[in-house]
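First up is the structure itself, then whatever we jot down about it.
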Amino acid sequence: MELYIHSMSPPCWSVLLLGRQLDLKIKSKILNFETEEHLKEDFIKLNPEHTVPTLVDGDFVLSESRAILSYLMDAYAKENHPFYPRDAKTRALIQHRLNFDLGTLYSRFYAYCSPMWNKKVTSTEAQRDKLYDALGFLETYLGRNRYAAGDHLTIADISLVASVSAIDLCFVKLEKYPKVVAWYERCKKELQGYEDVVGSQFEGFRKFLTVPAESGSE
Ligand SMILES: N[C@@H](CCC(=O)N[C@@H](CS)C(=O)NCC(=O)O)C(=O)O
């Protein structure tokens, strides 16, 4: 299997993290965004949306990190693996959290934080407040369970921890969300290879950031 990635891409982190947990043989193909390798014809043929991560498994190609997480579980993990159990309600909760991450948490992170590296746009207070609301929703979910979708790690945690790591590295203050902080610390310890895949990227990523003075949750 080959996985097209960028090393500072949170959606790529989640797939790489799952690969580490399952010990999958995934060959990373790093795309250089500065030279627009992701816009070259060969890659567009694979993924018309030119996004990473993009997985190539034989003649099967899949983008969208959360779809890739589900696919890898179905195709390569043992039956009824705790990361993605068969039970309909558990799976529905996992899917809910993955969709919450895609449509709410990560998208609000991107709206508020991307101006820190993409200087062409600015973010608003309303966007900041929306991101805090999303962290508040995650706090509520983690008040019900120790992990995002129940009492143990699942692919929902792997996706969400990549987003929360990105939020953290953009200096958004998380202290107002103690359950999020405790869960984040727990995931960092429990996920094999977290430091290598994610933690090691913080310093390099932060070099690209211009942080607004008002950044913070008060
Ligand atoms: N929802 C997608 C987002 C993928 C995405 O936007 N990736 C960014 C990097 S973080 C990218 O490839 N950007 C390049 C582009 O859009 O041309 C996922 O989770 O895979």
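Data overview
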quantity	calculated
Filtered residue count, the range 17-46, keeping only those that are near the ligand (Cβ under 9 Å from one of its atoms) and not aliphatic (A, V, I, L, M)	3
Test result for R146, open to solvent by 50 Å² or more (accessible area, probe 1.4 Å), touching a residue at least 24 places away in the same chain (Cβ under 8 Å) and closer than 15 Å to V181 by Cα	yes
Pick from the range 96-117, criterion in contact (Cβ under 8 Å) with a residue 12 or more places away in the chain and hydroxyl-bearing (S, T, Y), ranking: surrounded by the fewest Cβ atoms within 10 Å (Cβ to Cβ)	T104
Residue within the range 182-202 that is over 19 Å from the mean Cα position of the chain (by Cα) and of a type outside the set (G, A, S) present	no
Hits in the range 50-64 - residues which are within 7 Å of the ligand (Cβ to nearest atom) and either farther than 20 Å from L98 by Cα or of a type in the set (D, E) (or both)	H50, E64
Output for the range 101-131, where each listed residue is within 15 Å of Y177 (Cβ to Cβ) and of a type in the set (F, W, Y)	F109
Flag for L93 being more than 14 Å from the ligand (Cβ to nearest atom), in a helix (DSSP H, G or I) and surrounded by 14 or more Cβ atoms within 10 Å (Cβ to Cβ)	yes
From the options L46, L62, L69, residue that is in the same structural domain as L24 (by TED's automatic domain parsing), at negative phi and touching a residue at least 60 places away in the same chain (Cβ under 8 Å)	L69
Residue within the range 12-20 that is assigned by TED's automatic domain parsing to the domain that holds A134, touching a residue at least 60 places away in the same chain (Cβ under 8 Å), in contact with a Ser or Thr (Cβ under 6 Å, 6 or more places away or on another chain) and outside any loop (DSSP other than H, G, I, E, B) present	no
Top-ranked residue of the range 21-37 - restricted to ones that are in contact (Cβ under 8 Å) with a residue 24 or more places away in the chain and in a helix (DSSP H, G or I), ranked as surrounded by the fewest Cβ atoms within 10 Å (Cβ to Cβ)	L22
All positions within the range 177-207 that are open to solvent by 30 Å² or more (accessible area, probe 1.4 Å) and of a type in the set (A, V, I, L, M)	V181, A182
S70 within 14 Å of the ligand (Cβ to nearest atom), within 12 Å of S159 (Cβ to Cβ) and modelled with pLDDT of 95 or more	yes
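The values are calculated or read from the model by the stated rules, or taken from the named source; none is laboratory data. It should be emphasised that the depicted structure is a prediction, and the values quoted were computed from it without experimental measurement. Positions of Cβ are generated from backbone atoms using ideal geometry, with glycine treated the same way; all protein chains shown enter the neighbour counts. These accessible areas exclude ligands, DNA and RNA; they are computed on the full protein's heavy atoms, side chains included. Shrake-Rupley method; radii C 1.70, N 1.55, O 1.52, S 1.80 Å.
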